[in-house]
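Data block below; observations after.
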Amino acid sequence: MGIARADCENRDARDPLAFARARFVIPDNVIYLDGNSLGAAPAGAAARLARVVGQEWGEDLIRSWNKNGWIGMPAQLGARVAPLIGAEADEVIVADSTSVNLFKLAAGALRLQSPRRVVLTEKSNFPTDLYVLQGLEELLGGAMELRMVAREELPAAMSPDVALLALTHTDFKTGEFHDMRALNAAAHRAGALVLWDLSHSAGAMELFLDRDETDFAIGCGYKYLNGGPGAPAWLYVAKKHQASFHQPLSGWMGHAAPFDFSERYRPAEGMARNLCGTQAVLSMAALEEGLKTFDGVDLGALREKSMALGDLFLTLVEQRCADFGFEIACPRNAAVRGSQISLRHRDGYAIMQALIERGVIGDFRAPDFIRFGFASLYNRYVDIWDAVDRLAAIMKDGVWRAERFQVRAAVT
């Protein structure tokens, strides 16, 4: 006998995180399973942005840098991110984008590791990360070599010339995540430093950067942290590296005394030296509302629910969609799976478009992956049941074959 919808309703009634759903704007008749790409809007975001525009900018004007604390937002928000990733408040700062932060940290790590020159990564790393590292290699010429290997070849590839291991923690297609602690230890034994991209992990699971002896990390603010489209990113530098670490984008905001207007750059102490240009205040205000949605949330419970939602989805797909040509493309074992389920189907794009039309929002990644991301703060067990029910109906009636679902949009 299969799982009934009432069973999921009962699980929702016992969910210790059920209170958090009210912290978000969830449209009626929409099941939102794309939090791994863009988090849902926090309920307080609209009012907060209206206050920043109307009062802080509109009336207080430039006085808000002091009066309303704009100047301190990067460090203040970094302190909010820190407990979500297992770091101290003075090891994290919010600034720029993940791509810019990756460039800064990779370049700074290479400087620390000279004369070592190899940056090791995996071929299936997130494309942006690969592109940024390729650009850095081109910029530095013979001072850097980017070495890309298959995932299973990483441990053996940590040779004595490797300066930095740069990886994305959770694979964006399959959802499988690396053993951070083990890879950190292996890299350190080889004399390498480690830089993690946690964009698909932070806010979805427990992380322990300090405990696991991580050197550097970056992450975006718009996925599980619910900071809105284009939200600022964050970066982490372990305390032991901060005094000797120098990043190449030595902008005004990273100066030890920016309002002295001196002609020579002098880096600020601690994490502030990782700043570059003026912070985007409106975006930071929205991100702060996103980070507030984690107030009082037990991250262990968040991870437990994430695994349970994924297991439920897979079980229901196996029970109800076994004859429709889907291949499970994520780990069946929740212990090594991030907060997403990935399926493969040769007509995956069209199927996802039909599903979105019926109110279940996930996304598609080429060549044939359809993804469902679970945000434990607002997704319910009954959402999973309803999503698979609609998927089964779409496959049974063949509506996905309609011509309108075959033409790919600019954003998939």
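What's the total number of residues in the stretch 122-143 that are at positive phi and β-branched (Val, Ile, Thr)?
So the answer is 0.
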Of the residues Ala204, Ala268, Ala238, which is aliphatic (A, V, I, L, M), within 21 Å of the chain's Cα centre (by Cα) and surrounded by fewer than 24 Cβ atoms within 10 Å (Cβ to Cβ)?
Ala238
Of (1) open to solvent by less than 40 Å² (accessible area, probe 1.4 Å); (2) free of Cβ contacts under 8 Å to residues at least 12 places away in the same chain; (3) closer than 16 Å to Ser37 by Cα, Val411 fails just (1)
Residues of the stretch 42-51 being buried (at least 19 other Cβ atoms within 10 Å of the Cβ) and among the aliphatic types (A, V, I, L, M), which ones?
Ala45
What pairs come up if the first residue lies in the stretch 43-69 and is free of Cβ contacts under 8 Å to residues at least 12 places away in the same chain and farther than 22 Å from Phe24 by Cβ, the second is polar (S, T, N, Q) and outside any helix (DSSP H, G or I), and their beta carbons are under 8 Å apart, counting only those six or more places apart or on different chains?
Asp60/Asn68
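What about Ala256, is it in contact with a Pro (Cβ under 8 Å, 6 or more places away or on another chain), more than 27 Å from Leu84 (Cα to Cα) and either loosely packed, with under 15 Cβ neighbours inside 10 Å or aromatic (Phe, Trp, Tyr) (or both)?
yes
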Between residues in the stretch 232-245 that are more than 13 Å from Ala202 (Cβ to Cβ) and residues that are among the aromatic types (Phe, Trp, Tyr) and open to solvent by less than 60 Å² (accessible area, probe 1.4 Å), which pairs lie under 8 Å by C-beta distance while being six or more apart or on different chains?
Val237/Phe216; Val237/Phe245; Ala238/Phe216; His241/Phe216
Taking the stretch 358-374 and keeping residues among the hydrophobic types (A, V, I, L, M, F, W, C) and open to solvent by 10 Å² or more (accessible area, probe 1.4 Å) leaves Ile361, Ala366, Phe369
Condition test on Phe245, is it under 22 Å from the mean Cα position of the chain (by Cα), among the aromatic types (Phe, Trp, Tyr) and surrounded by fewer than 24 Cβ atoms within 10 Å (Cβ to Cβ)?
no
Residues of the stretch 1-17 being under 29 Å from Phe294 (Cβ atoms), open to solvent by less than 60 Å² (accessible area, probe 1.4 Å) and part of a loop (DSSP other than H, G, I, E, B), in sequence order, are Asp15, Leu17
With touching a helix residue (DSSP H, G or I) at 6+ places or on another chain (Cβ under 7 Å), touching a residue at least 24 places away in the same chain (Cβ under 8 Å), open to solvent by 10 Å² or more (accessible area, probe 1.4 Å) and under 22 Å from Leu112 (Cβ atoms) as the only criterion, which of Ala143, Ala186, Ala166, Ala190 stands out?
Ala186
Give me the pairs: first residue in the stretch 276-303 and closer than 30 Å to Ala335 by Cβ, second residue open to solvent by 20 Å² or more (accessible area, probe 1.4 Å) and at pLDDT 95 or above, beta-carbon distance under 6 Å, and six or more apart or on different chains, which are they?
Leu291/Arg80; Thr293/Arg23; Leu299/Glu206; Ala301/Pro16; Arg303/Glu206
Kindly check whether there is at least one residue in the stretch 387-405 that is over 30 Å from Phe19 (Cβ atoms), assigned to a loop (DSSP other than H, G, I, E, B) and open to solvent by less than 50 Å² (accessible area, probe 1.4 Å).
yes
Can you tell me which of Gln279, Gln247 is more than 30 Å from Asn379 (Cβ to Cβ), part of a loop (DSSP other than H, G, I, E, B), in contact with a Pro (Cβ under 7 Å, 6 or more places away or on another chain) and not small (Gly, Ala, Ser)?
Gln279
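Here is a yes/no grid of residues against (1) open to solvent by 50 Å² or more (accessible area, probe 1.4 Å); (2) assigned to a strand (DSSP E or B); (3) of a type outside the set (Asp, Glu):
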residue: Gln319; (1), (2), (3): yes, no, yes
residue: Asp323; (1), (2), (3): yes, no, no
residue: Cys330; (1), (2), (3): no, no, yes
residue: Leu343; (1), (2), (3): no, yes, yes
residue: Arg346; (1), (2), (3): yes, no, yes
residue: Tyr349; (1), (2), (3): no, no, yes
residue: Leu355; (1), (2), (3): no, no, yes
residue: Leu377; (1), (2), (3): no, no, yes
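The values are calculated or read from the model by the stated rules, or taken from the named source; none is laboratory data. All figures in this text were calculated on a predicted structure; none of them were measured in a lab. Note that each Cβ is placed from the backbone with ideal geometry, even for glycine, and that neighbours are counted across all protein chains shown. Accessible surface is based on the protein model in full, side chains and every heavy atom, while ligands, DNA and RNA are left aside. Shrake-Rupley method; radii C 1.70, N 1.55, O 1.52, S 1.80 Å.
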